[in-house]
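Encoded as structure tokens, the structure appears first; notes follow it.
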Amino acid sequence: MQLKTLAWAPAFAAVVGAIETHGGYDFEARFSADAPVETQEIKDAYESAAAEQASLRLQEQIKATSIATSCLDENTGTTPADLYALKECIAEDNGENFFDLLADDIEEANAFWAKVLGQSTTDRTKWVAARSYNKAYFDGDLTSIQFAAWTLSDNADAANFDANPEHYYKKTALDATGSQSSQIFEGWGGVLSGFGTKRTNFTVPAFTTPEYGTEDTPSGWDIGDSFPLALQRVGPKVLSDGNTFGVLHIAVRDFAEDEGSTGKKGIEVYSAVWYPPWDEAEGSDHTEFVDNYLADEAHHMVVEVINLTLQAQKDCKSGLCVLPTGA
């Protein structure tokens, strides 16, 4: 996946190693199964760039709408910490404020995805993925089963808010059978892509175990036996008009000491979204979408996986992971 070089690139100049350390744990990322481990740190530079654009947009809309204006009394910075404090203030006033603050952004995103869908094949064997493979060297302090169980909890929804600058709302529900669905409002883009951030309000009405080789889940999406099927889930990303504009695919596995580069064991999280390829796009839109916009979301994924796994480890250490029976 070729990345567009924008203004944030100089932050990487002094970095020579593949490992980045956060919260006392080491992490590394790849953007495809056969790709080498990234040799540049991702989280801090990308999170900072995304926080700046999110902060400026929220401040602009607070002034324009007069929603949660008191939040600007002390929260006008643009660092990740400043941005997360601003979001917390906005949500404390009303957790759904972001839908009104960013209503224009939602409409813009809906129009963008309608165009992508209208100029794309529906054949999912030809869809393209934003994805990342993320190794987290917790060395037994967090297991794949623990992380998978944690993602079904209210704690995961709470942590999601500060897992990425462009996360605005997430509410997960479990029905009587244990089936999971989510409403999500978040944005991605604008750091590596000239398309800008598309802040999108969508639902994932169901997460299911993938059945590879079907029309909905082609065999080309199969990530192999190293990720247990029981710890994989796929789910459609559905816009408010009922149209599916992508498919989430998440998975987690444990890996042994000899499978990594630090001599420690840990967990690997696979995060992907399969999108229509915009193969009938006009001009350079297809190339920009495939080369840069998807890369933007893949980097967004690295940030959220690091932040979420760190919080999961803390919660599980505190006894907040409820493991399924028989685990």
**Prompt:** Given the pairs 43/115; 198/265; 135/317; 171/265; 63/314; 126/237, which span a C-alpha to C-alpha distance of over 29 angstrom in this model?
**Reply:** 43/115; 198/265; 171/265; 63/314
**Complete:** By the Kirkwood definition, with r running over pairs of different Cα atoms, the chain has a hydrodynamic radius in Å of 20.4 Å
**Residue-normalised accessible area of segment 97-143, expressed per residue, 1.4 Å probe, Å²** = 40 Å²
**Request:** Quote to one decimal, in nm, the extra length available between residue 181 and residue 99 on full extension: 0.36 nm per residue of separation minus the C-alpha distance between them.
**Result:** 27.6 nm
**Prompt:** At a 1.4 Å probe, what is the % contribution of carbon and sulfur to the accessible area of segment 52-93?
**Reply:** 43 percent
**Message:** If I compute solvent accessible area with a 1.4 Å probe over the protein chains, what percent of it on segment 123-260 is carbon and sulfur?
**Reply:** 46 percent
**Request:** Using the heavy atoms of the protein chains and a 1.4 angstrom probe, tell me the accessible area per residue for segment 222-327 in square angstrom.
**Result:** 41 Å²
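Any idea what the dipole of segment 197-242 comes to, in debye rounded to 20, about its Cα centre with Lys/Arg Cβ at +1 and Asp/Glu Cβ at -1?
Here the size comes out at about 380 debye.
Could you tally the net charge around residue 244, taking each other residue with its Cβ under 14 Å from the Cβ of residue 244, Lys/Arg +1 and Asp/Glu -1?
-2
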**Item:** Cα-centred dipole magnitude for segment 126-178, charges only on beta-carbon of K, R (+1) and D, E (-1), debye, nearest 20
**Value:** 360 debye
**Item:** Zone residues, segment 93-124, relative to residue 72, backbone N less than 18 Å from point 7 Å out along Cα-to-Cβ
**Value:** 93-94, 97-105
**Item:** Dipole magnitude (debye, nearest 20) for the chain, charges at Cβ of Lys, Arg, Asp, Glu
**Value:** 360 debye
**Fill in**
The alpha-carbon center of segment 244-267 and that of segment 109-131 are separated, in whole Å, by 27 Å
**Charge tally in the Cβ shell below 10 Å around residue 20, where Lys, Arg are +1 and Asp, Glu are -1, residue 20 excluded** = -4
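Segment 245-307: percent of C-alpha pairs farther apart than 18 Å?
So the portion of pairs separated by more than 18 Å is 52 percent.
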**Request:** Return, ordered by residue number, the residues of segment 93-134 whose backbone nitrogen is under 11 Å from a label point located 7 Å along Cα→Cβ of residue 64.
**Result:** 101-108
**Asked** Among 302, 275, 255, whose Cα sits farthest toward the positive end of the charge dipole of segment 249-327 (+1 at Cβ of Lys/Arg, -1 at Cβ of Asp/Glu, about the Cα centre)?
**Response** 255
**Asked** Dipole of segment 175-327 (Lys/Arg Cβ +1, Asp/Glu Cβ -1, origin at the Cα centre): which of 177, 213, 311 lies farthest to the positive side?
**Response** 311
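The values are calculated or read from the model by the stated rules, or taken from the named source; none is laboratory data. Please read all numbers here as calculations on a predicted model, not as lab measurements. Backbone-built Cβ (ideal geometry, glycine too); neighbour counts: all protein chains shown. Accessible surface is based on the protein model in full, side chains and every heavy atom, while ligands, DNA and RNA are left aside. Shrake-Rupley method; radii C 1.70, N 1.55, O 1.52, S 1.80 Å.
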